[in-house]
Amino acid sequence: MSVASVETSANDKVDMRKDSVYKLFFYFFIPNLCAMLALSTYSTIDGIFVGKKLGEDALAAIGLCWPVFPVLIAFELLFGLGAASIAAYFLGKGQDHRARLMFSSVVYFASISSVCIGILLFVYAREVGIALGASGDVLDYVVEYLQVIFLSAVIIVLHPLLDVFVINDKRPILAMMAMIIGSVSNIILNYIFLFVLELGMFGSALATALGHGLGMSILLTHFVRKKGRIYLVKRFSFNAVLASAKNGIPQSLSELSVAVVIVVFNHTLVSLAIDEGMKVSYLAIYSIVMYVGVVCFTILLSCAQGVQPVASYNYGAKQMGRVKQVYAFGVGFATLIGILVYVIFLFADSHLVKLFLKSGQEWILEPTLEAMKVYYVGYIFLGLNIVSSIFFQSIQRPRSSFVITLSYNLIFIIPLLFVLSHLYGVLGVWVSYPLSLICSSVVVVGVLLYEYRYGVFKDSAIKALV
């Protein structure tokens with residue numbers, strides 16, 4: 001029996017209105033976790049293979065290129081997650097035709113616009129590399145990598161966009177399989193292109209593009225063959241695009257601010273270096289910290305995305321009790337995961353770091369471990385922030401989501417990074433991240449109190465809704 005037929009049978013037993021919210025959470029969380037872990041390996045695998053094959057300069061270059069991916073994902077989230085939340089809301093109300101129009105409109109718009117943006121960025125790849133902080137031999141590596149990524153922008157944008165719609169169309173297993181197959185192909189192709197064909201940075205970027213392309217193709221068959229309630233229609237609504245963009249602004253800004261913060265971190269570390277060798281070393285250390293840490297971030301993001309379809313659907317179905325229940329469970333589960341993952345990192349961190357190092361580079365190990373032990377404390381508080389931000393977006397509360405998103409991604413981290421790096425040097429750089437998340441968690445509590453007193457959780461608002 002095929003994966004599609006098994007999943008269709010399973011979906012017949014899933015009732016978004018009546019099944020336990022805990023069952024529904026794990027129904028979406030587990031496949032989503034597998035899919036997101038697979039997605040996170042794209043950049044991490046690039047870092048491991050490039051570090052092993054090409055060395056410290058190339059590893060630093062990959063780290064400098066990292067902000068490009070949050071920018072592309074931010075563009076996707078502006079339409080993808082915002083539109084998916086609205087589409088799930090329409091499905092909950094039984095208005096399937098409006099969900100299809102929303103999906104089709106954002107796919108058509110994202111496809112055309114990402115092609116145009118990708119071509120423009122390709123032309124200015126060297127200027128982008130300089131803006132990211134690259135110079136010398138590192139700049140050549142950066143340009144070689146970015147040119148391939150920019151020409152593949154439409155694939156990198158459409159892959160996660162289609163994924164979130166497949167999940168909201170109750171096909172999380174298909175989303176998981178597409179991500180895993182794409183990720184495995186990326187690993188295989190990275191090895192072939194780097195170690196067999198010796199194509200260098202070009203080969204690593206090409207492997208990433210082809211992996212995303214394969215995953216996107218698998219997801220696209222779901223909509224072309226009309227396997228669910230959402231599929232492509234020959235209609236386009238610019239109003240639907242605007243509505244999805246309005247709802248997607250918080251998470252889009254979240255990803256965009258991630259890119260900004262990474263660039264600021266890189267420039268701050270470069271400013272603290274006293275020579276070119278130390279600059280490359282600092283950038284390599286931060287690259288490893290980010291590559292390893294993305295695993296924890298991905299798990300916490302999966303918790304939030306396990307909450308989103310359940311909350312969106314039941315909000316559309318006017319069942320606010322279930323909406324609040326799945327949020328509370330998601331926050332508690334994500335916080336527990338953050339604590340657990342940090343403890344695991346304390347025991348396994350040296351083994352993870354060694355994956356990125358060539359023979360003879362072991363001297364980077366100790367300063368990297370010191371950075372990770374401080375930096376990763378932030379992941380204990382990150383779950384509350386991510387789940388809350390995506391939750392409020394999923395129930396049509398973009399302002400609350402926007403406030404939380406800016407708090408944990410931008411408002412606190414930039415000033416703390418500036419002040420602490422001047423006071424304590426490189427240690428201040430690592431401390432700034434967990435301290436900023438502690439501050440943003442206070443903001444989340446404030447938003448929750450506001451929503452319970454004046455917003456969507458207020459008793460009178462709930463009664464008006466139902």
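The values are calculated or read from the model by the stated rules, or taken from the named source; none is laboratory data. Since this is a predicted model, take the numbers as computed values, not measurements. Cβ placement follows ideal geometry from the backbone for every residue including glycine, while neighbour counts extend to all protein chains displayed. Only protein heavy atoms, including side chains, enter the accessible area calculation; ligands, DNA and RNA are left aside. Shrake-Rupley method; radii C 1.70, N 1.55, O 1.52, S 1.80 Å.
Descriptive notes on the structure:
- Hits in the stretch 250-285 (condition: more than 30 Å from residue 403 (Cα to Cα) and open to solvent by 40 Å² or more (accessible area, probe 1.4 Å)): 270, 271, 272, 274, 275, 276, 277, 278, 282
- Scanning the stretch 300-336 for residues that are assigned to a helix (DSSP H, G or I), open to solvent by 30 Å² or more (accessible area, probe 1.4 Å) and either of a type in the set (Lys, Arg) or farther than 20 Å from residue 396 by Cβ (or both) gives 322, 324, 329, 332, 333, 335, 336.
Residue-by-condition table, conditions (1) within 30 Å of residue 315 (Cα to Cα); (2) among the charged types (D, E, K, R); (3) open to solvent by 40 Å² or more (accessible area, probe 1.4 Å):
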residue	(1), (2), (3)
47	no, no, no
55	no, no, no
58	no, no, no
83	yes, no, no
94	yes, no, yes
127	no, yes, yes
136	no, no, yes
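- Of all the residues in the stretch 158-195, those that are assigned to a helix (DSSP H, G or I), open to solvent by less than 30 Å² (accessible area, probe 1.4 Å) and under 21 Å from residue 222 (Cα atoms) number 18.
- Some residue of the stretch 14-24 being assigned to a helix (DSSP H, G or I), at pLDDT below 80 and either open to solvent by less than 10 Å² (accessible area, probe 1.4 Å) or out of contact with any Pro (no Cβ under 8 Å at 6 or more places or on another chain) (or both): no
- Within the stretch 355-374, restricting attention to residues that are part of a helix (DSSP H, G or I) and open to solvent by less than 10 Å² (accessible area, probe 1.4 Å), the residue that is modelled with the lowest pLDDT is 364.
- Scanning the stretch 1-13 for residues that are open to solvent by 70 Å² or more (accessible area, probe 1.4 Å) and within 20 Å of residue 92 (Cα to Cα), we see that the one that is modelled with the highest pLDDT is 13.
- Given (1) polar (S, T, N, Q); (2) part of a helix (DSSP H, G or I); (3) farther than 30 Å from residue 49 by Cα, number of the condition residue 350 does not satisfy: (3)
- The number of residues in the stretch 206-249 that are part of a helix (DSSP H, G or I) and open to solvent by 30 Å² or more (accessible area, probe 1.4 Å) comes to 15.
- Scan of the stretch 382-406 for residues that are within 17 Å of the chain's Cα centre (by Cα) and open to solvent by 10 Å² or more (accessible area, probe 1.4 Å), ordered by number: 384, 402, 406
- Here residue 116 meets the list (1) in a helix (DSSP H, G or I); (2) buried (at least 17 other Cβ atoms within 10 Å of the Cβ) almost entirely, failing just condition (2).
- Residue within the stretch 273-282 that is assigned to a helix (DSSP H, G or I) and at pLDDT 85 or above present: no
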